[in-house]
Amino acid sequence: MALKQNLAAEIPLDLREADELLAKYGRWAKDRQRYERCGSAEGAYKAPPNDDDRQPKMPTLTLSEAMACQRALAGVPQAERIVLGVLYIPRKVPVEVQLRRLNVPPRLSRERHLSGLRMWWNRLRLRVDMH
């Protein structure tokens, strides 16, 4: 995850899988509010001529995987959880602006990112291992 001004921590090897999974969860959290609509109410929708060359969507999480991620995230302390939300859940407002509004300087953002990711990953693995 490369962000301007080094707002995110350098991800160590043992947390790469956690980083990827939390990024998937962030995309799921962003996309879950979209409502599916048909092409047109009249049924006159025609697919664009180049519809077959579109890039496939990134694989998303199943509902049970997303809920496990969400439960683990709820157990992370608020300061770290806020930074993880800003860094991983895509929004229209740039990350730099969000963190500035929250009065979180880059150094603190990196610290909270790494500690929050580690806490989240540990909680997620414990929940999964228990079931």
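A straight chain from GLN78 to ALA23 at 0.36 nm per residue would run longer than the Cα-Cα distance by 17.9 nm.
Between ASN122 and VAL93, the simple label model (points 7 Å from Cα in the Cβ direction) yields a spacing of 3.1 nm.
Pairs of alpha carbons in region 83-131 separated by more than 15 Å make up 51% of all such pairs.
Read-outs throughout are calculated quantities, based only on the coordinates presented, and are distinct from any laboratory measurement. Everything quoted here is computed from the prediction, not taken from an experiment. For neighbour counting, all protein chains shown are included, and Cβ atoms are generated from backbone atoms with ideal geometry for every residue, glycine included.
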